[in-house]
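Here the structure is laid out as structure tokens; the discussion comes afterwards.
The values are calculated or read from the model by the stated rules, or taken from the named source; none is laboratory data. All of these numbers come straight from a predicted model, not from anything done at the bench. Cβ: placed from backbone, ideal geometry, glycine included. Neighbour counts: every protein chain shown. Surface accessibility is based on the protein's heavy atoms, side chains included, excluding ligands, DNA and RNA. Shrake-Rupley method; radii C 1.70, N 1.55, O 1.52, S 1.80 Å.
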Amino acid sequence: MAESGTATTPPAIKRDRTHYLYIAVIVAVLLGIAVGFIWPDFAKELKPIGTGFVNLIKMMISPIIFCTIVLGVGSVRKAAKIGKVGGLALGYFIVMSMVALAIGLIVGNILHPGSGMHLTDATREVGHTAAKDAAEGPVDFILGVIPTTLVSAFTEGEVLQTLLVALLVGFALQAMGRSGEPVLRGVEHIQKLVFRVLGMIMWAAPLGAFGAMAAVIGETGVDALKALATIMIGFYVTCALFVGIVLAAILRLATGFNIFALLKYLGREFLLILSTSSSESALPRLIAKMEHLGVSRPVVGITVPTGYSFNLDGTMIYLTMASLFIADAMDQPMSVGQQIGLLLFMMIASKGAAGVSGSGIAVLASGLQSHKPALVDGVGLIVGIDRFMSEARALTNFAGNAVATLLIGTWTGEVDRDRVERVLAGQLPFDERTLLDTSTDDTELPTPRGGETKEPVGA
């Protein structure tokens, strides 16, 4: 039938089995909520299940970041291009952090959500414990970027340490010229292996989502949610407005693309973050999906990992509103000058906190300890709902980094606009089976997906 005609029939597309995986995640989240409410004591014991899944994902973060950055930097002829991408990215991250802080300040001063709260001895102890667990200051942060050894960056799971090592290796391969090409090909094969392993781990997502959600509902219960509903709802609404208005306007004006189409494209990643409360669990998928979208490999390789430590829009809003909440709850309101000084410090201290569930509490306590020690006692007031606010932080941080990657790619001319439109329209679906595009010929050097082909190393 088809052979006798002139038109060719497109091959049948094999059904994406991961569709069932994410349906299972949704069901697991609902079951976790039910178990948390019905058997709270039993649900608390399920916490290691969720923690174990997130740890499995984190295990893959360092090798994925390393491979992505090495391939991105090593396959670009001119180092100046990488410097341009990094400079634009850092500049944008700083500006957006300031915008997020300003929005949080405005909303927090309007709502005054902390009035009427009361402290207990246990609450005071929580705040001081969290402050001890946090980093001591900017100097420690900078020194912490340098790994103890070249290999320890991978074994300790530090994103910024891995970023530093990967950049050094990438630039070294540039300097090696054509003699570095075999190494690049080897790294590309390792990347495919790593993503394949990640794909296997993802099938445990429903179990991890069930354990994490059941535990948090069992630990928190309804009473804490009711008592702290004002700041929690206010924070969620603020984050939604930040993404739906601020980020949407910037993306539309700078690129012409619709943010809601981008968020729909990343829907499975948002579901994964919602169920694990960690944006780091979706970092590998964001790297693969932004390359598939049409942003060049060097831009993705630099912007996404860097953004996970420096572009924390949701965390900025959280630190602002939480600080004002505690000050009001303890009847020690801060002046505008005190608010700005405290939050500028927190903006520095928060770098590197992305992806770690609960890290916001440590940064909050550290900032208060340094600038207004009397308020540290109040950190325990917010611990009960921090898990739910952590989800909003992670979702907002993730959305901000996706938008940032598309923006930086557009500003540097490293985006295939036609491909972006086709992908967002659903005409070029993402290959869920491997998390990688397999169309690249293995005999060629890695090239930016959807973008223009770069000159080979040493050309």
request  = For the stretch 412-422, just list the computed ³J(HN,Hα) in residue order, Karplus coefficients 6.51, -1.76 and 1.60, θ = phi - 60°, integers in Hz, with x standing in for Gly and Pro.
outcome  = 9, x, 10, 10, 8, 4, 4, 5, 4, 4, 5
query = Given the pairs Lys84/Lys264; Lys47/Lys192; Lys192/Lys289; Lys84/Lys192; Lys44/Lys192, which span a C-alpha to C-alpha distance of over 26 angstrom in this model?
reply = Lys84/Lys264; Lys47/Lys192; Lys84/Lys192; Lys44/Lys192
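Over 20 Å apart: what share of the alpha carbon pairs of the stretch 191-332 falls there, rounded to a whole percent?
Value for the stretch 191-332 (Cα pairs over 20 Å): 61 percent.
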query = For the residue pair Tyr20 and Asp41, what label-to-label distance in nm results when each label sits 7 Å from Cα along the Cα-to-beta-carbon direction?
reply = 3.8 nm
ask   = What does the accessible area per residue of the stretch 230-308 come to in Å², with a 1.4 Å probe and no ligands, DNA or RNA counted?
value = 26 Å²
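Starting with the highest mean, order 338-346, 281-289, 40-48 by the number of other Cβ atoms within 10 Å, averaged over the residues of each peptide. The partial results should precede the final answer.
On the way: 338-346: 19.0, 281-289: 24.8, 40-48: 15.1.
Most protected by this proxy first, the peptides run 281-289, 338-346, 40-48.
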task = Could you order peptides 202-214, 99-111, 252-264 by the average number of other Cβ atoms within 10 Å of their residues, highest first?
result = 202-214, 99-111, 252-264
task = Can you tell me the order of 185-195, 171-181, 291-301 when each peptide is scored by its average per-residue count of other Cβ atoms within 10 angstrom, highest first?
result = 291-301, 185-195, 171-181
